[in-house]
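Have a look at the structure below before the remarks.
Just so it is clear, none of the values below were taken in a lab; they were calculated from the coordinates. Fair warning: this is a prediction, and the values are worked out from it, not measured in the lab. Don't worry about glycine lacking a Cβ; one is built from the backbone with ideal geometry, like all the others, and counts go over all protein chains shown.
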């Protein structure tokens, strides 16, 4: 009759190697993978930073576009006011309080005596 061996009485030189997923979870393999995990963590931080930076840039672009639009409206408004005030009838109204009047007769041309 064969005697059954107690697990504690087995030969200590024989090592049972883990297979499958247990092989990847032992201490040595986890320690080997630490630089890779740090690299992945750094990539995740950069990815998050890039997303926040892109959002910030989009907000700045939208703010600048709004300012440009407002300045364009202001430019058009000032230009139309200038055109209105440059009309001859408006110029006459503007200089009348200064005592200036529109010429009724043609201007006199002065000629030099040496010609």
- Message: Could you order the peptides 32-41, 99-108 from most to least packed, using the average number of other C-beta atoms within 10 Å per residue?
- Response: 32-41, 99-108
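Give me D for the range 27-77 in µm² s⁻¹, whole number, from Stokes-Einstein with Rh from the Kirkwood sum over alpha-carbon pairs, 10 °C and 1.306 mPa s. Numbers along the way, then the final one.
On the way: Rh = 14.4 Å.
The diffusion coefficient I find is 110 µm²/s.
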